[in-house]
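Worksheet: the structure to be examined is printed underneath.
The values are calculated or read from the model by the stated rules, or taken from the named source; none is laboratory data. As the structure is a prediction and not an experimental result, all values here were calculated from the model. Quick reminder, even Gly has a Cβ in these numbers, built from the backbone with ideal geometry, and neighbours come from all protein chains shown. Ligands, DNA and RNA are excluded from the accessible area calculation, which covers all protein heavy atoms including side chains. Shrake-Rupley method; radii C 1.70, N 1.55, O 1.52, S 1.80 Å.
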Amino acid sequence: MAEQTLMDKLVSLAKRRGFVFQSSEVYGGLGSVWDYGPLGVELKRNIKDRWWRSMVHARDDIEGIDAAILMHPRVWEASGHVSGFTDPLVDCRQCKVRFRADDPRLKGPPGDPATACPNCGNRGTLTEPRMFNLMFKTFMGPVEEQAAIVYLRPETAQGIYVNYLNVQTASRQKIPFGIAQIGKAFRNEITPGNFIFRTREFEQMEMQFFVKPGTDEEWFEQWREIRMQWHVDLGLQPERLRWHAHGPGELAHYAKAAYDIEYEFPFGWQEIEGVHNRTDFDLSRHQEYSGKKLEYFDAATSERYIPYVVETSAGADRVTLTVMADAYREEEVEGETRVVLGFNPAVAPIKAAVLPLTRKDGLPEVADRLYHDIRRRWSAFYDDSGAIGRRYRRQDEVGTPWCITVDHDTLTGETVTIRERDAMSQVRVAISQVPAWIADRLEEAGR
Ligand code: ATP
């Protein structure tokens, strides 16, 4: 499949079937802001839930929090975002389009009269690079003045750092321990794009693991391993995943070591998650800027120290796009093209569709009862319109792993047909056993 076409197909399927819509579409849309529709919200939520379960519920040494988006403005001075979270930008005076100064399409220095604008092609129309802060600003309270500026957080991590002692004391954790959070972050990206890959409002799934200095490198390696395995268990094709190590020029100001987990998207290899050794940079800075001691006291050894932090930071939207791109396939079946989103059942937005073969002879009543039975535990869908083959295709296209057909034999034998999405194989299962059958399959898929 031509690579760009795959993205076009995904965007169009996402809209047609209710995964993702453009924000404020009736007004012509808002640049790179997207809304999740009925199926998209389920998919993303399942991914977030899976992350939360693996990070918080399945471990004794990680606690969850949900910090506010707005924080004290000094937080962003301490973190380095006010002075450092900037990208150099170039404007074209002719066509008014803005580029990153490191845009590979820029051939030559932007201020040079011979350099052409990548958009309109005019020469000598580009400005010198100017620094541009990526944080969204707003005002708190009734007066729009400098003193009232607050920022929409550009990462969720800082809400964790400033709370780490609160969490540690309240939950009686001992180092090493971690704090996990899922929440919105905002960045006024200069070149957003590729659908929900890079947006200005997005969700992060971040975990900060606090360790004793000197043990950080060991923990960093452990977390790299755990996070890569999480993506593999999610069902992503392992050959489409790889590590990218940040070289000295690439490392963020706070980091001692950083690795990105990259996925091979139709538009190339791109980061989906970062694992960073942030040292004691953030906590030391918050201690300095707030004037409050942020040391940990180790009662066993009577030592006091500022912990080092190993961070794992993934984008929920980016992982959602990854899961969709990875799952999309087209197959020839009996001379027709079948579109399938081959999701891991654990994250599929709809777990099962109940399909009465006809709308008469008492089949709808039986199907309806089964549908409600399934719906008590999982998202399910009821569809009684059109030929059964077409109904299967509609479910394949949104990644429903199981279609359950209620037919005339159900009335006599109390069994239904369960058709599996990928192999299109069918088994007959006693109607009373259907929920247990689904539960078993989901258990196999890691829920
Ligand atoms: P990039 O280089 O792609 O801008 P980054 O290195 O700035 O990413 P981090 O600050 O490490 O990213 O953020 C951690 C994760 O948050 C990323 O791996 C990505 O999944 C997600 N993320 C960051 N920026 C965006 C964005 N604008 N839209 C969607 N997700 C994002």
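Can you list the HN-Hα couplings for the range 40-53, worked out from phi with the Karplus curve (6.51, -1.76, 1.60; θ = phi - 60°), rounded to whole Hz and with x for Gly and Pro?
Those phi angles translate into x, 5, 5, 4, 5, 5, 4, 5, 5, 4, 5, 4, 4, 4 Hz.
Provide the net charge surrounding Ile438, with neighbours chosen by a C-beta distance below 10 Å and charges set as Lys +1, Arg +1, Asp -1, Glu -1.
Details: positive: Lys351, Arg377, Arg441; negative: Asp440, Glu443.
Result for the neighbourhood of Ile438: +1.
Let me cross-check Val366: its accessible surface, 1.4 Å probe, with only protein heavy atoms counted, in Å² to the nearest 10?
Accessible area of Val366: about 30 Å².
Among the lysines, which have Cα under 19 Å from the Cα of Lys137 when same-chain residues fewer than 8 positions away are ignored?
Partners within reach: Lys184.
Quick one: of the DSSP bridges fully inside the chain, what percent are antiparallel, nearest 5?
Restricted to the chain, the bridges split so that about 85 percent are antiparallel.
Binning every alpha carbon pair distance of the range 42-96 at 10 Å from zero, what are the percents per bin?
17, 22, 25, 25, 8, 2
Any chance you could give the angle, 0 to 90 degrees and rounded to 10, that helix 3-16 forms with the longest Cα principal axis of the chain?
Here the helix axis deviates by roughly 70 degrees.
With springs connecting C-alpha atoms under 10 Å apart, model the chain as a Gaussian network and identify which of Ala423, Ala314, Ala436 has the largest mean-square fluctuation.
Checking each option, the largest mean-square fluctuation is seen for Ala423.
Name every cysteine in the chain that ends up alone, with no second cysteine's Cβ under 4.7 Å, or say none.
Within the chain, the cysteines lacking a partner Cβ under 4.7 Å are Cys403.
Please give the length that would be gained between Asp49 and Glu334 if that part of the chain were fully extended, namely 0.36 nm times their separation in residues minus their C-alpha to C-alpha distance (nm, one decimal).
Extending this stretch completely gives an extra 98.8 nm.
For the range 1-119, what relative contact order do you get, as a whole percent, if you take Cα pairs closer than 8 Å and at least 6 residues apart? Present the calculation step by step, with values, prior to reporting the outcome.
Details: 76 pairs, mean separation 12.4, N = 119.
RCO, the range 1-119: 10 percent.
Residues in the range 270-312, backbone N under 15 Å from the label point at Ala245 (7 Å along the Cα-to-beta-carbon vector): list them, ranges by number please.
Under cut-off, by backbone N: 275-277.
Pick from Pro142, Pro110, Pro307: which is most flexible by mean-square fluctuation in a GNM of the chain where alpha carbon atoms under 10 Å apart are linked?
Result for the chain, Cα springs under 10 Å: Pro142 fluctuates most.
Hey, could you grab the Kirkwood Rh for the range 378-447? Inverse mean 1/r over distinct alpha carbon pairs, Å, one decimal.
Across the range 378-447, the inverse of the average 1/r is 12.8 Å.
Dipole of the chain (Lys/Arg Cβ +1, Asp/Glu Cβ -1, origin at the Cα centre): which of Pro176, Leu10, Phe210 lies farthest to the positive side?
Of the candidates, Leu10 comes out farthest on the positive side.
For the range 205-268 and the range 132-181, compute the distance between their C-alpha centroids and round to whole Å.
What the calculation gives is 23 Å, centre to centre.
Divide, for the range 275-433, the radius of gyration over alpha carbons by 2.2 N^0.38 Å, where N is the residue count.
Working: Rg = 25.8 Å, N = 159, 2.2 N^0.38 = 15.1 Å.
My calculation over the Cα atoms of the range 275-433 gives 1.71.
Normalised by the residues of the range 44-171, what does the relative contact order come to in percent, with Cα pairs under 8 Å and at least six apart? It would help to have the intermediate numbers written out before the result.
Values: 157 pairs, mean separation 31.0, N = 128.
Reported as a whole number, the value is 24 percent.
In whole angstrom, how long is each semi-axis of the equivalent ellipsoid of the range 122-252, when you take the square root of 5 times every eigenvalue of its Cα gyration tensor and sort them from largest down?
On the way: eigenvalues 201, 131, 49 Å².
Taking √(5λ) for each Cα gyration eigenvalue gives 32, 26, 16 Å.
For the range 60-146, compute Rg over Rh where Rg is the Cα radius of gyration and Rh is the Kirkwood radius from the inverse mean 1/r over Cα pairs.
Radius of gyration over Kirkwood radius for the range 60-146 works out to 1.19.
Could you list the square roots of 5 times each eigenvalue of the Cα gyration tensor of the chain, that is, the equivalent ellipsoid semi-axes, sorted largest first and rounded to whole Å?
44, 31, 19
Express in Å², to the nearest 10, the accessible area of Asp361 obtained by rolling a 1.4 Å probe over the protein heavy atoms while all chains stay in place.
The value for Asp361 is about 90 Å².
How fast does the range 99-164 diffuse by Stokes-Einstein, in µm²/s, taking the Kirkwood radius from C-alpha pairs at 37 °C and 0.692 mPa s? If you can, show how the numbers build up before the last one.
Values: Rh = 15.3 Å.
So the translational diffusion coefficient is about 214 µm²/s.
Within the set Lys212/Lys292; Lys48/Lys96; Lys44/Lys96; Lys174/Lys292, which residue pairs have Cα atoms separated by over 27 Å? Kindly include the intermediate steps, with their values, before the conclusion.
On the way: Lys212/Lys292 20 Å; Lys48/Lys96 39 Å; Lys44/Lys96 36 Å; Lys174/Lys292 20 Å.
Listed pairs above 27 Å: Lys48/Lys96; Lys44/Lys96.
Counting other Cβ atoms within 10 Å, keep those with at most 12, restrict to DSSP loop, and tell me which GluC sites (Glu not before Pro) in the range 254-358 are left.
Of the GluC sites (Glu not before Pro), the ones in loops of the range 254-358 whose Cβ has at most 12 other Cβ atoms within 10 Å are Glu334.
Please compute the Cα-Cα pair-distance distribution of the range 197-251 with 10 Å bins starting at 0, giving whole percents from short to long.
16, 36, 41, 7
Taking the Cα of Asp103, stepping 7 Å toward and past its beta carbon, and measuring to each backbone N in the range 180-201: which are under 18 Å?
From the range 180-201, the list is 188-195, 198-200.
How large are Rg and Dmax for the range 191-329 when only the alpha carbon atoms are used, in Å?
Looking at the range 191-329, its Cα Rg and Dmax stand at 17.2, 58 Å.
Taking only C-alpha pairs under 8 Å that are 6+ residues apart, what is the relative contact order of the range 157-292 in percent?
Taking the mean separation of contacting Cα pairs over the length of the range 157-292, I get 18 percent.
Under 13 Å from the Cβ of Ala114, count the other residues' Cβ atoms, weight Lys and Arg +1, Asp and Glu -1, and hand me the total.
Neighbour charge sum, excluding Ala114 itself: +1.
Could you tell me the calculated FRET efficiency between Ala252 and Arg369, based on Cβ-Cβ distance and R0 = 45 angstrom, to the nearest 0.05?
0.20
Using just the helices of the chain, give the 222 nm mean residue ellipticity in deg cm²/dmol: DSSP H runs with n ≥ 4 each add -39,500 (n - 2.57), and the total is spread over all residues, rounded to 500.
-8500 deg cm²/dmol
Distance from the Cα centre of the range 319-352 to that of the range 40-105, in angstrom?
Going from one Cα centre to the other spans 28 Å.
What number comes out for the charge environment of Ala68, summing +1 per Lys or Arg and -1 per Asp or Glu over other residues with Cβ under 12 Å away?
+1
When the Kirkwood radius is taken over all Cα pairs of the range 1-95, what Stokes-Einstein diffusion coefficient follows at 25 °C and 0.890 mPa s, in µm²/s?
137 µm²/s
Under unit Cβ charges (Lys, Arg +1; Asp, Glu -1), what dipole magnitude, rounded to 20 debye, does the range 1-56 have relative to its Cα centre?
Charge dipole of the range 1-56: 260 debye, to the nearest 20.
Please work out how much length the chain gains when fully extended from Asp8 to Tyr382, using 0.36 nm per residue of separation minus the C-alpha to C-alpha distance, in nm with one decimal.
131.8 nm
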